[in-house]
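The structure is given below, and queries will be raised subsequently.
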Amino acid sequence: MNDLTPAEREKLERLRDVAPPAGAESNVKRALRDRGLLGRATPRAGWLPQLAAGIAIATVLFLSGFYAGRQKGDHAMSGEAASTNGLTEYVLLVRESDPSAAPGVTEADRVREYGAWARDLASKGALENGWKLADDGRLIDPMNERHRVATMAVTTREGVGGLFIIRAANYDEAVQVAESCPHVKYGGIMEVRAIEK
Amino acid sequence: MAVGPHATFGRRQDTHVQMNEPPRTGPVERSLVERFLEQRSDAAFSALYAHCAPRVYGLIVRQLGPLAAHADDAFQETWMRVVAALPAFAWRSSLSTWICGIAVNCCHEIQRRERRDAPDDAYEPVTGDDGRESPPFDGADRIDLERAIERLAPGYREVLLFHDVHGLRHEDIAGLLGIEPGTSKSQLSRARRALREALAPNVIPSTGPAAKESPS
């Protein structure tokens, strides 16, 4: 082994740090925001049980509202769906909800509000279907040293608690539908993706 | 068997960051990460960035060497992956080492993309050293040293940077590159010798792209 002299070692160690160019931090932040990685707090471990409960409740409420809406608006979602020819199907992925974003709002209030939203969509023939997902899952992550993150629950902002299929004329309209959902008002995230066929 | 110092690609396409070192993370790093994960605010990210960015950028610039024009792309992509994976970071290595591992993968992707015709024989196992001695570069100035490192064959440059510049152990380097620790040691010895030869006055350097090692 060619051991380094103290002078060589010092010279090499001085090469360790290089200041990134001006503007690099801003560019990184912009890219992080574009990917939704900056600007929303990640739940602390100690909050997870509470938040999990809140999210689970919100998802259940949300889906309760959906089913309530579907029952009352079945006419718009079955036979009359043919009138939606030419529309594109989009999936709305229901993500994190912050229960603290709705202080003083009762579960009954939420059920009514979600239900009204779902009935309105259904009456327009825009709501196709919806499902609640199990709270736990597995994330296959090659960047993680174990390659897998156990329990990819809805307690993380990446976790999906449920999904809906809607019909819309274009992406902007689908986004408007998602933005109108009470889930967003209560701190939840809705991801809108077109379904390619 | 010939040592393949000119390529840094080959078997590391499926390399994962897997450190064997015990946790060496100080309270500052933990505090920065916890604050960022809690807030995800600009200010919290800036603090984390300020702590890690010079080291990460330094690693990327020097590892890419002749491809340093792509350093900004690698730097940004490194942060994207770091922030995305940070909630799952298990603190089994220091934060800096973990981030460097991600940066290494980003650099490798660029190197593979930009050098599609590169040989695929980096880090063949070698044993021992041929005993050649070169004078130390005690008197070299910084610019000459930087240029000499940049001209090192990628396989040499990488191990030298990890060990002698960034202070990683051979076990860490082996985990990062998917090689044996003994191979890392041998590569380092040869890298140091190549660097000394490049910086020695009146000696024809053996660090250029055409300077392949002869089979030993």
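Using a 1.4 Å probe and counting only protein heavy atoms, arrange B:W91, B:W98 so the residue with the most accessible area comes first. Walk me through the numbers on the way to the answer.
Values: B:W91 40, B:W98 10 Å².
Largest accessible area first, the residues go B:W91, B:W98.
If packing is taken as the average number of other Cβ atoms within 10 Å across a peptide's residues, how do A:19-32, B:153-166 rank, most packed first? Walk me through the intermediate numbers first.
Numbers: A:19-32: 15.0, B:153-166: 25.4.
Final packing ranking: B:153-166, A:19-32.
Residues with amide H under 5 Å of B:S94's amide H, sequence separation 5 or more or different chain, H placed in the peptide plane at 1.01 Å from N; which?
Result for B:S94 returns B:R24.
Taking beta carbons within 10 Å but only from partner chains, what does the mean come to for residues B:36-42?
Numbers: counts 3, 5, 5, 4, 9, 4, 7.
Per-residue shielding by partner chains comes out at 5.
Inside 10 Å of the C-beta atoms of B:84-95, what's the mean count of C-beta atoms belonging to other chains?
Numbers: counts 7, 6, 2, 7, 12, 3, 4, 0, 2, 1, 0, 0.
Mean partner-chain Cβ count within 10 Å for B:84-95: 4.
When Cβ neighbours within 10 Å are restricted to other protein chains, what is their mean count per residue of peptide A:28-37? If you can, show how the numbers build up before the last one.
Numbers: counts 12, 5, 1, 5, 9, 1, 1, 3, 2, 8.
Taking all residues of A:28-37 together, the mean is 5.
Pull up all non-local amide H partners of A:N129: gap of 5 or more, or a different chain, and H-to-H distance under 5 Å with H placed in the peptide plane.
A:I165
Would you please put A:8-18, B:101-111 in order of how densely packed they are, using the mean number of other Cβ atoms within 10 angstrom per residue and starting with the highest? Don't skip to the end; give the middle numbers.
Working: A:8-18: 16.5, B:101-111: 22.5.
Final packing ranking: B:101-111, A:8-18.
The values are calculated or read from the model by the stated rules, or taken from the named source; none is laboratory data. Note that this is a predicted model, so its numbers are computed, not measured. So basically every Cβ, Gly included, is an ideal-geometry build from the backbone, and we count neighbours across all protein chains shown. Remember, those area values only see protein heavy atoms, side chains included, never the ligands or the DNA or RNA. Shrake-Rupley method; radii C 1.70, N 1.55, O 1.52, S 1.80 Å.
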